[in-house]
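What follows is one structure encoded as structure tokens, with my remarks underneath.
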Amino acid sequence: QVQLVESGGGLVQPGGSLRLSCAASGFTFRIYVMNWYRQAPGKERELVATISSAGGSTNYVDSVKGRFTISRDNTKSTVYLQMNSLKPEDTGVYYCNRRPLGAWGQGTLVTVSS
């Protein structure tokens, strides 16, 4: 079955950086578009970043453009999200998923606060 395990979250000060990882299993990772989502407290889950199956094409929500970078390693069935210049409004639980959606993982909590 589809399994997604996110890691790398934590508490960071504004302006800091974090690198999130998502290890995938149970499906042929290399043929799927992968996405990162986040859910801020009291808000709906939103799509943050997308990467094509081979990694050659990426897209970002406007609020993270120029600060976040999505990447993937198909040999490790892992997708990453490098987050720089973090802001308090980036706080939330971050999830990865494929397209079309598989089962959700537990997510990883990112807290940006001084």
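Go through the stretch 6-24 and count every residue that is farther than 15 Å from residue 73 by Cα and not in a loop (DSSP other than H, G, I, E, B).
5
Could you grab me the full set of residues in the stretch 73-86 that are in contact with a strand residue (DSSP E or B) (Cβ under 6 Å, 6 or more places away or on another chain) and open to solvent by 40 Å² or more (accessible area, probe 1.4 Å)?
Residue satisfying the conditions is 82 alone.
Take the conditions in contact with a Cys (Cβ under 9 Å, 6 or more places away or on another chain), more than 16 Å from residue 16 (Cα to Cα) and in contact (Cβ under 8 Å) with a residue 40 or more places away in the chain and apply them to residue 48. Does it pass?
It is false that residue 48 is in contact with a Cys (Cβ under 9 Å, 6 or more places away or on another chain), more than 16 Å from residue 16 (Cα to Cα) and in contact (Cβ under 8 Å) with a residue 40 or more places away in the chain.
Filter the stretch 27-45 for residues that are touching a residue at least 24 places away in the same chain (Cβ under 8 Å) and under 16 Å from residue 73 (Cα atoms) and give the result.
27, 29, 30, 32, 33, 34, 35, 36
Please work out which one of (1) outside any loop (DSSP other than H, G, I, E, B); (2) open to solvent by less than 60 Å² (accessible area, probe 1.4 Å); (3) not hydroxyl-bearing (Ser, Thr, Tyr) is the condition residue 27 fails and give its number.
(1)
Condition first: open to solvent by 20 Å² or more (accessible area, probe 1.4 Å) and either β-branched (Val, Ile, Thr) or closer than 16 Å to residue 83 by Cα (or both). Now tell me which residues in the stretch 51-68 satisfy that.
58, 59, 60, 61, 62, 63, 65, 66, 67
Return yes or no: is residue 93 surrounded by 17 or more Cβ atoms within 10 Å (Cβ to Cβ), among the β-branched types (Val, Ile, Thr) and without any contact (Cβ under 8 Å) to a residue 40 or more places away in the chain?
Answer is no for this residue.
Those residues that are over 11 Å from the mean Cα position of the chain (by Cα) and of a type in the set (D, E, K, R), I need them from the stretch 19-42; list them, please.
Matches in the stretch 19-42: 30 only.
Going through the stretch 5-20 one residue at a time, which ones are under 17 Å from residue 64 (Cα atoms) and in contact with a strand residue (DSSP E or B) (Cβ under 8 Å, 6 or more places away or on another chain)?
Correct list: 9, 12, 13, 14, 16, 17, 18, 19, 20.
The values are calculated or read from the model by the stated rules, or taken from the named source; none is laboratory data. Everything numeric in this text was worked out from a predicted model, so none of it was measured. All Cβ positions, even for glycine, are placed from backbone atoms using ideal geometry, and neighbour counts span all protein chains on display. Protein only, heavy atoms only, side chains kept; ligands, DNA and RNA dropped before computing areas. Shrake-Rupley method; radii C 1.70, N 1.55, O 1.52, S 1.80 Å.
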